[in-house]
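Notes follow once the structure below has been shown.
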Ligand code: UDX
């Protein structure tokens, strides 16, 4: 049974997952993108991103005739009930989210529409964008067409986007037109998730506040990690002890080289920008960003502390992607960390199970090695920056034996410090004191005259 006709504007990460999942739920979906090469590829079954389960979903629904692709608004919009805007809103020069593509999409939808369309903002858009989009489409309303605008932010994580879509924690809908929001909620009815229907700006803020909070949680534990290092505590145990408190929860408390990706950096910057230009002083958000930068730099400091100089040292890097199970390098900590090493004259060699091709396009003067073992050979330090499963099962004895100096910097706290020390590595984690120092024999005061006042 066909439930609804849906157009999704933007066949990028969010658009493609949204389109394929709505088709899977039984709707008639057409995905539009202005990138003709991408649409041509999709028509032939070439999925432009690496996302588990997506390819199967796209192919199955194309075959069932429920999912199609186009570059033409005149093909996608007339007769559609819903137009989801899922175009990118990149960071502008000041950290603001750039609305150029979203505005253009709204104009094109308005021009091509023939009847009532509910425009649904899926992309993360600055607070106030819903009103802006409503203003744009209002200019094209001439009595024959009417529009409603609903904000429906996505909370998809890369690597588990399909399952996040199908099993959401909540569905957030914001609109000045409650009826339209309720109609959109019908698209998600079978998913059985809690529903929040609110006004446009509040829905938009829920998305920013959620991402900023998660980034804050990570930066918080990274700040605790650097304090742990100085005071001799173990941040992994601290996080476990904190996370068992139900009010805190265990997720997003993994200390490491920090957060990257297409959302957190862009959204925290954009929220801080919106706050600052509206007379607020977003000091927490600024600190969250600064701590994230410090987390990356701390890798360099650990290497320098052990190796003396980094000039002409060979640094082997395991992991480029901003997190495992993706080839996405946007704002990946590895990219910045590699640049920091290169700035000090180090020779960098890298390996990543999925992101080598994208790495070649972004990095200069780096050697791309065929395996983790090849990365380690002759290296003075091995630096692990992404917690790929593959990196858990390496032959570390052989790796240790092949290195010029056995420094292992575990930027994601993947390994047991004791096991690595036993294999002969000089192991440095994130938020662990530099090697558990044995308790020193402290001379007693017996027999020593202590001046008392
Ligand atoms: C995030 C949000 O989770 C998602 O809801 C939103 O829609 C888009 O942004 P994503 O960017 O895919 O999703 O990545 P996520 O899994 O949240 O991880 C973000 C970054 O934080 C990664 O670089 C990851 O390595 C890092 N991270 C995560 C930590 O450093 N520690 C943690 O405990 C968790």
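Computed from the coordinates by the stated procedures, all read-outs in this text should not be read as laboratory data. No experiment lies behind these values; they were computed from the predicted model shown. A quick note on method: Cβ atoms are made from the backbone with ideal geometry, for glycine too, and the neighbour counts reach across all protein chains shown.
Okay, here's what the table says:
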| item | result |
| --- | --- |
| Share of Cα-Cα pairs in the chain lying beyond 34 Å, as whole percent | 42 percent |
| Mean Cβ count within 10 Å, highest first, over the residues of peptides 358-365, 13-20 | 13-20, 358-365 |
| Bins of 10 Å from zero: percent of alpha-carbon pairs in the stretch 52-92 | 21, 38, 34, 6, 0 |
| Debye intensity ratio in log₁₀ form over the Cα atoms of the stretch 199-453, taken at each q of 0.11, 0.17 Å⁻¹ | -0.64, -1.31 |
| Stokes-Einstein translational diffusion, the stretch 143-240 - Kirkwood Rh over all Cα pairs, 1.567 mPa s, 4 °C, in µm²/s | 80 µm²/s |
| The stretch 23-97-the stretch 396-435 distance, computed between alpha-carbon centres (Å) | 44 Å |
| Extension gain (nm, one decimal) between residue 209 and residue 138, 0.36 nm per residue minus Cα-Cα | 22.7 nm |
| Compactness of the stretch 5-198 - radius of gyration and Dmax, Cα, Å | 15.6, 45 |
